[in-house]
């Protein structure tokens with residue numbers, strides 16, 4: 001299929017769902033009525049790197065959904081609604097029209113569900129499937145955002161949703177030991193879904209901002225790594241009790257099957273695309289009711305033994321787990 | 001080199017050159033004070049597809065320069081100044097730190113020369129070098145733009161600069177016959193430079209808008225293809241005399257060596273990244289003085305023999321050249 005035909009098909013599948021778009025795909029650039037402040041993030045998904053290349057679960061619609069979802073997750077973590085997405089596709093010759101259309105349609109479904117307008121894109125050929133999605137959200141001013149560097153000493157630390165499901169789902173795809181775990185079909189499907197079709201927490205991010213949360217980050221690399229980013233950016237130390245991390249149903253069974261501590265899967269597995277948030281204690285009740293589980297607190301960072309970052313604890317003592325860095 | 005270290009190096013090489021950037025690389029997203037209207041384009045460069053993979057001329061700094069230049073060229077064609085760029089790098093294992101730093105430094109040099117702020121990015125590993133650059137420019141309103149669909153019957157059609165140099169430069173890299181062309185070292189170097197280090201015509205695009213041009217497009221695919229986009233978008237027919245296309249010095253010698261009509265190289269070669277523009281006759285003098293050569297006119301499209309698009313002519317008669325579509 002010629003590049004130009006593909007672009008036409010790509011464009012034909014898209015719908016505008018806000019009144020911002022003034023000139024859509026088809027000119028040299030898309031033209032959009034701006035808000036006061038643009039919040040922009042770019043994210044790349046490489047098939048065979050970010051997703052296994054030869055697994056029957058990893059269909060074109062999974063690739064499309066996940067590429068847009070992981071980009072939108074960064075906007076969720078800033079507390080802004082989704083505006084526009086710009087999609088650059090690099091397609092290997094093994095991908096035919098049907099694959100590409102399935103990928104774009106899945107992206108468009110998620111765009112519809114999240115209020116995103118796919119406003120532009122680019123199609124190239126290449127040796128592997130590479131999808132780069134740039135997303136833009138609009139805010140009224142730069143203070144109406146959840147920043148990484150805005151945690152304050154005394155804040156409580158929480159997470160949305162449940163963790164470890166993505167790591168367990170990936171294990172079910174790539175680790176033969178994981179398949180020995182006893183799981184009901186529904187639980188198993190939910191673990192796979194968490195890995196393959198993560199949902200960006202856009203509405204929840206905006207709600208946390210309105211409820212008075214201070215800082216947030218999305219959990220792409222896992223609590224162990226991402227909480228460290230918040231701590232270092234804020235010059236503070238996040239103390240997290242790993243046994244308070246909410247674990248998705250089935251994570252414990254998969255962890256047992258692969259011989260890992262389930263709390264480690266929840267803390268270091270990554271790619272759950274939930275939000276980690278800090279908030280002052282007086283907002284803890286309202287924020288908990290919005291769907292946040294409190295897992296720790298923000299402490300002053302002082303001295304060599306308490307550098308800015310994160311410390312993971314169990315029974316009040318720092319953990320010495322190895323292998324905490326996310327696998328990517 | 002770990003992904004995180006690479007991002008740090010990447011960020012360390014960047015400089016902010018406008019007062020728009022409120023939160024730069026390091027948070028989940030970049031935060032930028034917006035203008036009234038955002039003009040956004042995304043463009044991918046794949047090494048081995050858009051540039052030959054194993055040619056000693058195709059150094060990392062060529063890849064970096066060209067990836068940003070081709071993206072900025074779309075903003076030039078809209079008549080807006082450059083604002084921010086977001087850079088997604090997919091790096092093969094064969095690329096070491098030195099390669100990546102050279103690529104980023106070349107991008108940063110072009111950013112400095114064009115007033116662009118590289119405000120964010122993403123680094124992944126993958127099987128080939130893929131660079132996706134999303135650029136944003138800001139305009140006061142959507143009418144203060146050069147659009148593809150704004151040509152009017154009676155407009156003159158012009159191009160900036162000189163054409164065919166990029167196609168001739170590429171031929172010098174990949175076609176042994178081209179190397180038999182007799183060229184002075186300077187002329188040869190200029191042809192290679194045109195292909196390897198194109199310059200986006202940002203200042204000229206803005207000037208053409210101020211001088212009253214109607215429509216514009218950047219010449220990525222070549223006059224033959226790109227003029228057709230303007231014609232179809234505007235519902236009109238661009239008539240272009242191929243012998244009036246200004247040819248870069250050395251194009252004729254390379255065309256002779258490879259056995260092609262030099263006007264065909266200028267019309268269909270592509271990747272010169274000059275601008276094609278339409279403007280009313282009363283502005284022709286001022287626009288010519290800005291660096292535009294008039295090559296044709298905009299006619300009404302009427303009937304099957306005169307569909308919207310482009311017709312290439314010689315001595316007043318339509319040309320039947322084959323192979324007019326750009327090679328990509």
Between the Cα axis of helix A:223-234 and the main Cα principal axis of chain A, the angle (0 to 90°, nearest 10) is 80 degrees
With everything on Cα atoms, drop me the angle between helix A:60-78 and the longest principal axis of chain A, reported from 0 to 90° to the nearest 10.
50 degrees
With Cα atoms, 0 to 90° folded angle of helix A:165-174 axis to chain A main axis:
60 degrees
Give, to the nearest whole percent, the P(r) tail of the range B:3-139 beyond 21 angstrom, counting all Cα pairs.
37 percent
How many percent of Cα pairs in the range A:148-318 exceed 30 Å?
17 percent
Counting only other chains, and only Cβ atoms inside 10 Å, what mean value do you get across the residues of A:214-225?
1
Per-residue average of other protein chain Cβ atoms inside 10 Å, peptide B:136-148 -> 3
For the protein assembly as shown, what is the Kirkwood estimate of the hydrodynamic radius, computed as the reciprocal of the mean inverse distance between distinct Cα atoms, to one decimal in Å?
26.1 Å
How big is Rg to Rh over the range B:211-268, alpha-carbon atoms, Rh as the Kirkwood inverse-mean-distance radius?
1.04
If I take every Cα pair under 8 Å that is 6 or more residues apart in chain A, average their sequence separation and divide by the length, what percent do I get for the relative contact order?
22 percent
In peptide B:81-92, what is the residue-averaged number of other protein chain Cβ atoms found within 10 Å of each Cβ?
3
For the range A:78-146, the spread of Cα positions along each principal axis, largest first, Å
46, 22, 17
Just need log10 I(q)/I(0) for the range B:108-224 at q = 0.10, 0.11 Å⁻¹, Debye formula, equal scatterers on the alpha-carbon atoms, no solvent, rounded to two decimals.
-0.48, -0.57
Average projected area of the Cα convex hull of chain A, in nm²?
17.3 nm²
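Bear in mind these aren't lab numbers, they're just calculated from the coordinates by the rules spelled out. As the structure is a prediction and not an experimental result, all values here were calculated from the model. Methodologically, a virtual Cβ is constructed for each residue, glycine included, from the backbone with ideal geometry; neighbour enumeration extends over all protein chains shown.
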